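What follows is calculated from the coordinates using simple rules that are stated; it is not laboratory data. Since the structure is predicted, the reported quantities are computational estimates derived from the model, not experimental observations. Note that we place each Cβ from the backbone using ideal geometry, even for glycine, and neighbour counts take in every protein chain shown.
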Amino acid sequence: MKDIKKIKEDFIKESSQVETIQGLNELRVRYLGKKGIVTDGLRRLSELPREERPKFGKVLNELKRFIESEIKSLQQQLESEEAKKRVLSESIDITLPGRYIPPGKRHPVTQVLDEIVNTFVSMGFEVEEGPEVELDYYNFEALNIPKDHPAREMQDTFYVKPSSVDNDSTTESDIVLRTHTSPVQIRGMKKRTPPFRFIAPGKVYRCDADVSHTPMFHQVEGLMVGENITFSHLKGVLELFIHCLFGPETPVKFRPSYFPFTEPSTEVDIGCILCSGEGCRVCKGTGWLEVLGAGMVHPKVFEAVGYDTEKYQGFAFGMGVERLTMLKYKIDDIRLFFENDVRFLRQF
Ligand code: DAH
């Protein structure tokens, strides 16, 4: 019994001197390990007379549990102390320079699109959006492009089969990927009563691919309707727009043209950016570059949205954003916009 008491005293003394986890582990092995003091004591119980064993066994087991619980609480204490020490030694140097994150920037087409939108917004135009998957009615029919109209062949259209139509069906779909932003004219007019003016920027789709065509590209549509809107308004707004985008000295020419949804129709040319009107390969020797289509809204279009054609007039226009971006930055291949090569994109 005296020995057991001595063991406990020794343990208390030794454990009070332990300062590290490693020291604690050594203490645990010395007392509770396979050849440890307590383990050895338990083993030697068998050397005692049978009737003495329970008494000593009980005291030894109590000692064992006491040591176990002491070691456990010491371990928690030491661990939290060591964690504290680690945090304090890992000081952060806030004077070190930060890591450089290269800034991204907007795509050149987006930059020019934003510039076009901002120019028209500054002239009081609202911004309207419409769906890219469009009904034949809005894309063609309501714009005075009937089913048998040759203009439909002009537009190489992606037709979309609704999932309810089985794949072998030869019936023509009345759903298309919009071939121009002009259908937004119809949607926008149905929602409004004149006077108003809005633009409609967005993606459009045509089955076309070469150095100047991609199956998806961007257009900005414009429409202004009121009681006394004339061709002079069309000319004034579009000339101002071109001077904002290409500079105030840029020559502008209105050339008669044809669109089913406008009458009269015009195409707008600017003096060639590359040769300043001298004549070159890009302008095919003419000195002029076509930049957009426009015209006075056709009465048939007003009829489709239920407007009084005697009361209201309006002008409309449509332009290709990639084309304008190519002219503005003298880019000769439209496909560069969609290859995602940062060596190209970084330049803008
Ligand atoms: N929708 C025509 C196209 O995609 C562009 C256009 C021409 C739009 C004349 C108009 C317009 O609103 O009046 O080629």
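Annotation: amide H of residue 128 within the under-5 Å range of 199, 200, sequence separation 5 or more or interchain, hydrogens built in the peptide plane. Applying a DSSP loop filter and a limit of 13 other Cβ atoms within 10 Å to the GluC sites (Glu not before Pro) in the stretch 1-62 leaves 19.
Here the Karplus curve 6.51 cos²θ - 1.76 cosθ + 1.60, taken at θ = phi - 60°, turns the phi angles of the stretch 240-248 into couplings of 4, 4, 5, 5, 5, 7, 10, x, x Hz, with x standing for Gly and Pro.
Beyond 25 Å in Cα-Cα separation lie the following of the pairs 190/300; 35/58; 203/311; 64/85: 203/311; 64/85. For 82, 249, 322, the sequence from fewest to most other C-beta atoms within 10 Å is 249, 82, 322.
Of the trypsin sites (Lys or Arg not before Pro) found in the stretch 53-126, those in coil by DSSP whose Cβ has at most 11 other Cβ atoms within 10 Å are 99, 105. Karplus-derived 3J(HN,Hα) values for the stretch 58-66, using 6.51 cos²θ - 1.76 cosθ + 1.60 with θ = phi - 60°, are 4, 5, 5, 5, 4, 4, 4, 4, 4 Hz; glycine and proline are entered as x. Here is the tail figure for the stretch 232-303: Cα pairs spaced more than 21 Å apart come to 32 percent of all pairs. Per residue, the chain reaches -12500 deg cm²/dmol at 222 nm when only DSSP H runs of four or more residues are counted, each adding -39500 (n - 2.57). Would the stretch 108-345 count as rounded, prolate or oblate if I go by the C-alpha gyration tensor, calling it rounded below 1.5 in a/c and otherwise prolate when a/b exceeds b/c, oblate otherwise? The shape class here is oblate.
Shown in residue order for the stretch 277-294 are the 3J(HN,Hα) couplings computed by the Karplus curve 6.51 cos²θ - 1.76 cosθ + 1.60 at θ = phi - 60°: x, 5, x, 8, 5, 5, 8, 6, x, 8, x, 10, 10, 6, 10, 7, x, 7 Hz (x for Gly and Pro).
Between residue 288 and 272, the built amide H atoms are under 5 Å apart, and every one of these is 5 or more places off in sequence or on another chain. Computed on the stretch 188-237, the Cα convex hull volume stands at 108 Å³ per residue.
For the chain, a Gaussian network of Cα nodes joined below 10 Å ranks 239, 68, 134 by mean-square fluctuation, and the top entry is 68. Residues whose amide H falls under 5 Å from that of residue 295, counting only those 5 or more places apart or on a different chain, are 266, 316, with hydrogens built in the peptide plane.
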